[in-house]
Structure formats: structure tokens, C-alpha cells
Amino acid sequence: MKLLFVADPLATFKTYKDSTFAMMREAAKRGHRILACEASQLVWLRGGRVTARAAVEIALTGDADDWYTVTSTADLALADVGAVLMRKDPPFDSEFFYATHLLSQAEREGARVFNKPASLREHPEKLAIMEFPEFISPTLITRDAAEIRAFHAEQRDIILKPLDGMGGMGIFRVKDDGLNLGSIIETLNKDGTQTVMVQRFIPAITEGDKRILIIGGKPVPHCLARIPQGNEVRGNLAAGGKGVARELSARDREIAEHLGPILAARGLLLVGVDVIGEHVTEINVTSPTCFQEITDQTGFDVAKMFVDALEEAMA
């Protein structure tokens with residue numbers, strides 16, 4: 001089967017930790033043909049089908065640095081490949097949004113796209129948690145400075161973050177003294193023109209921001225706890241957090257087993273749920289990662305579980 005990965009440039013992959021690479025490696029091991037393109041190569045010409053221009057078919061070399069060779073280059077209609085895997089990293093900006101519309105058109109032409117483009121649009125990774133209030137801490141979504149100040153007055157210790165951030169970018173903590181709250185609000189809401197997420201600070205962050213992977217509606221039995229280092233409040237690996245794999249707790253399983261079937265039914269084959277303590281903080285659907293860190297530390301083959309689920313979905 002031909003698998004087309006819509007991803008970031010192949011030359012930028014860090015193969016020792018990249019989850020898309022782990023998917024490719026497992027799929028190639030099973031004999032699937034691996035193709036790749038960037039979102040910028042998606043084209044829709046009047047009267048035609050959505051095409052990946054100059055998509056490359058690659059062979060994996062096994063070398064950590066020069067990890068692939070290009071075996072062919074072609075213009076491909078997305079409906080003519082077995083499956084399309086949308087693995088473009090965030091941010092979820094306008095170009096990502098437009099790419100999902102092209103992928104939705106490809107679906108109408110017969111393409112099978114994972115995760116489903118409409119569900120990518122309908123599940124912004126921070127806003128998506130609001131559908132499940134029983135699993136989240138006190139949370140406010142607003143662009144209104146007065147609302148944020150009132151929330152801080154009630155909760156006393158809060159986290160503020162932009163809705164379009166990634167990797168811990170733009171996250172601020174404001175404690176009981178309210179130091180710099182006004183300046184932080186101005187920075188994030190840009191004089192009331194941009195919406196902000198505000199949450200009660202969860203002290204359990206010291207134990208890690210857990211990434212729970214859900215594949216085909218079922219949880220991977222281990223999560224990756226991303227533990228802040230030094231004086232950092234952010235556990236994100238991109239912000240210097242240390243990743244430690246752990247078995248899912250009873251609460252982790254409760255969350256994953258509740259959310260998994262709901263999200264899978266919406267065409268979300270792969271989801272990364274972020275949990276601090278007992279509370280969901282984000283539901284990641286664009287390009288969830290942590291495959292290799294979990295596999296390396298526990299021996300559980302996450303990529304195998306993913307390709308199993310992909311093959312089952314295609315069947």
C-alpha cells in the first residue's frame with residue numbers, strides 16, 4: 001500500500017526521536033511504499049483533483065543522518081494512494097487550516113486521510129478540552145482583560161497561554177501576588193484582539209506533564225511524563241523538560257478510555273492527551289509525538305500499534 005505522509009521537510013527530521021519517522025520505519029518494514037510531501041506542495045487546479053506536486057517516494061537507509069534516499073518523484077492525486085497521513089507539525093495557522101480544506105476535498109474524491117481533516121479543524125488542541133469539563137481544572141477562554149483579572153482573583157495562582165502556542169511557547173504563571181498580570185494580559189491578548197486560555201495552576205506539574213497516546217480509540221499502556229527542570233514551570237520537551245515513561249495510572253486510564261472511543265469515532269486515529277495530575281490540559285490531534293521515547297524506555301512498540309490501527313482502518 002502507498003502511504004503519503006504530509007509532513008515537514010524530511011531533511012529536518014531528528015530520526016532518534018521523530019514519531020513520523022517511527023511510523024515510516026514500521027510501515028516500510030511491512031512492505032508499504034513510503035511517499036512524502038510538504039503541505040505547500042498540495043495543489044488543486046480547477047476541474048482537477050487535489051494533487052501532491054513533486055511528491056517523493058523514499059527508501060529508508062538505516063543510517064541515523066542520511067536516513068532516506070529518493071527513489072522517484074511524481075505528481076500524485078491523493079485519492080490514488082492508499083492512505084494520506086497528515087503529520088504537519090503545529091502551529092495550527094492559516095496555512096495549516098487551508099491545507100485541511102484541500103485534504104477534505106481529497107476525501108470527497110476518495111482519499112483516506114488520517115487524522116480526518118474536518119476533525120483537525122473542529123478540535124483546536126487547547127479549546128478541545130472544554131467539551132469534557134469533568135476532566136479539566138477551572139479554565140477560562142476569553143480575550144477580555146477584566147474576565148482574566150476576575151479569574152485570577154478567584155483562583156489566585158494561574159497559568160495563561162495563547163491558543164495557538166506549541167512546545168510551551170508563550171506560557172506564563174501568575175501567583176497570588178498578581179505580579180506582572182497586566183503586562184502578561186497585554187502581551188497575550190494584544191489589546192483585546194486575541195483570545196487567551198487561563199487555567200488554575202496545577203501543582204502536580206512537578207511530577208510531570210503526561211502525554212497519553214490514544215491510537216484507534218485505545219490507550220498506549222505507557223505515557224511520557226515531561227518533567228520541568230530547574231525553575232521552569234513548563235514540562236514540554238521543547239522547553240527543556242525531561243521525558244520519563246510511566247505506566248498509566250487508574251485516572252489516566254479512566255480519562256483515555258472515556259475520550260478514546262469518542263475521538264476515534266470522529267476520525268481521529270491518533271490523539272495525544274496531556275494530563276497534569278488528574279486533569280486534562282490539552283488534546284493534541286495535529287501531529288502527536290513521543291512514540292520513540294516511550295518505546296525506548298519501556299519496550300512497548302508504539303509505532304507497531306499505530307500501523308496495526310492504520311491497517312485495520314484501511315481494511
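Quick look at the numbers
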{"quantity": "Whole-Å distance, taken between Cα centres, linking region 89-152 and region 237-315", "calculated": "17 Å"}
{"quantity": "Region 200-265 - Debye-derived log10 I(q)/I(0), Cα point model, q = 0.18 Å⁻¹", "calculated": "-0.69"}
{"quantity": "Lysines with Cα under 24 Å of Lys116, excluding same-chain neighbours fewer than 8 positions away", "calculated": "Lys2, Lys88, Lys126, Lys218, Lys304"}
{"quantity": "Acute angle (nearest 10 degrees) that the helix 19-29 long axis makes with the longest principal axis of the chain, alpha-carbon atoms", "calculated": "30 degrees"}
{"quantity": "Most mobile listed residue (Asp252, Asp63, Asp274) in the chain, GNM with C-alpha springs under 10 Å", "calculated": "Asp63"}
{"quantity": "Förster radius 25 Å - calculated FRET efficiency between Lys218 and Glu134 (Cβ-Cβ, nearest 0.05)", "calculated": "0.75"}
{"quantity": "Accessible surface of region 256-315, 1.4 Å probe, proportion on carbon and sulfur as whole %", "calculated": "51 percent"}
{"quantity": "Where the chain is the region considered: accessible area per residue in Å², 1.4 Å probe", "calculated": "45 Å²"}
{"quantity": "Share of carbon and sulfur in the accessible heavy-atom surface of region 125-237 [1.4 Å probe, %]", "calculated": "49 percent"}
{"quantity": "Of all accessible heavy-atom area on region 1-95, the percent that carbon and sulfur account for (1.4 Å)", "calculated": "49 percent"}
{"quantity": "Modelled FRET efficiency - R0 30 Å, Ile262 with Glu311, Cβ distances, 0.05 increments", "calculated": "0.85"}
{"quantity": "Contour excess over end-to-end distance, with Cα ends at Lys175 and Arg149 and 0.36 nm allotted per residue", "calculated": "8.1 nm"}
{"quantity": "Dipole magnitude of the chain, debye to nearest 20 (Cβ charges: Lys/Arg +1, Asp/Glu -1, about Cα centre)", "calculated": "380 debye"}
{"quantity": "Rg/Rh for region 1-86, where both radii come from Cα atoms and Rh is the Kirkwood radius", "calculated": "0.97"}
{"quantity": "Accessible area of His152 in the full protein assembly, 1.4 Å probe (Å², nearest 10)", "calculated": "10 Å²"}
{"quantity": "Two-decimal log10 I(q)/I(0) for the chain, as the Debye equation yields it once each C-alpha is a single scatterer, q = 0.06, 0.08 Å⁻¹", "calculated": "-0.21, -0.38"}
{"quantity": "Whole-number Å³ per residue for the convex hull built on Cα positions in region 167-315", "calculated": "122 Å³"}
{"quantity": "Candidates Ala256, Ala145, Ala111: whichever shows maximal mean-square fluctuation once the chain is modelled as a Gaussian network with Cα springs under 10 Å", "calculated": "Ala145"}
{"quantity": "Calculated log₁₀ intensity ratio I(q)/I(0) where the Debye formula runs over C-alpha points of region 173-228, q = 0.17, 0.19, 0.25, 0.28 Å⁻¹", "calculated": "-0.78, -0.84, -0.99, -1.08"}
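The values are calculated or read from the model by the stated rules, or taken from the named source; none is laboratory data. The model shown is predicted, which means the values in this text are computed figures rather than measured ones. Glycine also receives a Cβ, built like all others from the backbone with ideal geometry; neighbour counts cover every protein chain displayed. In case anyone asks, the SASA skips ligands and DNA or RNA and just uses the protein heavy atoms, side chains included. Shrake-Rupley method; radii C 1.70, N 1.55, O 1.52, S 1.80 Å.
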